[in-house]
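Asker: One structure coming up, written as structure tokens, with questions to follow.
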Amino acid sequence: MDNCIFCNIVRGLAPAKILHQDDEVTAFYDSHPITPVHVLIVPNRHIVSVNQLEAKDENMLGHMVMVARALAITLNLKESGYRLVFNTGPDAGQSVNHLHLHLIGGRRMPFRFEE
Ligand code: 5GP
Ligand code: ZN
């Protein structure tokens, strides 16, 4: 996907502050953080959203969560807490059509996200 910003970040063709990269996933800081710590974990392969996941993606999906967990520990969020969020589709406000897991933390968060 040549015009996908996250594909370009994965390939090193667009700038990002990368925290982790391996064969399956890439993690980098969100450019417009909503919390003091805001990281995105994405599959290296272009997948649009949770809706497009297939059974063969299960291991990769588990790996995304484990990478997020490891980063939460590295970024000192283990005790204070954090959220892992997949925005999926228009009502959730998904704005980039490449699957991404938000790791957010570093402040107290309300139960609901308001505009
Ligand atoms: P969504 O709203 O789709 O769940 O989240 C997309 C996220 O990607 C947003 O939090 C937004 O700030 C972030 N984002 C969009 N474009 C870029 C970019 O070019 N670089 C980085 N690092 N983050 C981006
Ligand atoms: Zn992509």
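What follows draws every value from the coordinates through simple rules; no lab data is involved. Computed from a predicted structure; not experimentally measured. Neighbour counts run over all protein chains shown; Cβ positions are idealised from the backbone, glycine included.
Asker: Contact order normalised by length for the chain, with contacts defined as Cα pairs under 8 Å and 6 or more residues apart; what percent is it?
Answerer: Working: 159 pairs, mean separation 33.3, N = 115.
Over the chain, the number comes to 29 percent.
Asker: Would you look at the GNM of the chain, springs on alpha carbons closer than 10 Å, and say which of ILE18, ILE73, ILE47 moves the most?
Answerer: ILE73
Asker: Are there GluC sites (Glu not before Pro) in region 24-67 that DSSP puts in a loop and that have at most 13 other Cβ atoms within 10 Å, and which ones? Before the final figure, lay out the partial values.
Answerer: Numbers: sites: GLU24, GLU54, GLU58; in loops: GLU24, GLU54.
Here the GluC sites (Glu not before Pro) that fit, given the DSSP loop and packing criteria, are GLU54.
Asker: Follow-up question, since we're still on this one. Would you mind finding the longest exposed-site-free stretch of the chain, with exposed trypsin sites (Lys or Arg not before Pro) meaning DSSP loop and at most 14 other Cβ atoms within 10 Å?
Answerer: Formally, the longest exposed-site-free interval is 46-77.
Asker: Something else about it: In deg cm²/dmol, rounded to 500, what helix-only [θ] at 222 nm does the chain give when every DSSP H run of at least 4 residues adds -39500 (n - 2.57) and the total is split over its residues?
Answerer: Helix-only estimate at 222 nm: -6000 deg cm²/dmol.
Asker: Give me the extension gain from VAL48 to SER31: residue separation times 0.36 nm, minus the current Cα-Cα distance, reported in nm with one decimal.
Answerer: Between VAL48 and SER31, full extension yields 4.2 nm more.
Asker: Does region 49-115 come out rounded, prolate or oblate, given a ≥ b ≥ c as the square roots of the eigenvalues of its C-alpha gyration tensor, rounded meaning a/c under 1.5 and, failing that, prolate meaning a/b above b/c?
Answerer: oblate
Asker: What is the extension gain from THR74 to CYS4, computed as 0.36 nm multiplied by their sequence separation minus the C-alpha to C-alpha distance, in nm to one decimal?
Answerer: Gain on stretching THR74 to CYS4: 22.4 nm.
Asker: Using a cut-off of under 19 Å, list every residue of region 1-29 whose amide N is near the label point 7 Å from the Cα of SER95 along the Cα-to-beta-carbon line.
Answerer: 3-10, 14-17, 28-29
Asker: Related question: Taking Cα atoms, how many degrees apart are the long axis of helix 58-74 and the longest axis of the chain, rounded to 10 and kept between 0 and 90?
Answerer: With rounding to tens, the tilt is 40 degrees.
Asker: Next up: Which Cα, out of ALA16, ILE47, ALA27, lies furthest along the positive dipole direction of region 3-68 (beta carbon charges, K/R +1, D/E -1)?
Answerer: ALA16
Asker: Whole-Å semi-axes of the chain's equivalent ellipsoid, largest first, each the root of 5 times a Cα gyration tensor eigenvalue?
Answerer: Working through the eigenvalues yields semi-axes of 21, 16, 15 Å.
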